[in-house]
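The values are calculated or read from the model by the stated rules, or taken from the named source; none is laboratory data. These figures come from a predicted structure and were not determined experimentally. Positions of Cβ are backbone-derived with ideal geometry, glycine not excepted, and every protein chain shown enters the neighbour counts.
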């Protein structure tokens, strides 16, 4: 009887969306894309990155590079999952730090 009444915690699903501007001089080329994916892959949530009408996985280096996001590009980053807010925060910090390039 005790097992039937026991409540099991479930992962809460967060949905977080943020618009960011690529500010580093060279844009989202191979090295910044790899850094982005390295951070995104730490999290269990799904991360999607959109530029204009194209949306790709934030855990795909090739997808990020194919966005051709140069300096000044606006990206919409959306995360959905149990650690979405933390993932968005860390990705935003990476972008604000100019991918440690400038």
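Some observations on this one:
- Total residues in the range 37-92 satisfying the condition of being closer than 17 Å to residue 16 by Cα and either touching a residue at least 24 places away in the same chain (Cβ under 8 Å) or over 11 Å from the mean Cα position of the chain (by Cα) (or both): the figure is 32.
- Scanning the range 1-24 for residues that are at pLDDT 95 or above and either assigned to a helix (DSSP H, G or I) or surrounded by fewer than 15 Cβ atoms within 10 Å (Cβ to Cβ) (or both) turns up 15, 17, 19, 21.
- Residues located in the range 44-94, provided they are crowded, with 16+ Cβ neighbours inside 10 Å, closer than 12 Å to residue 33 by Cα and out of contact with any helix residue (DSSP H, G or I) (no Cβ under 8 Å at 6 or more places or on another chain): 63, 67, 69
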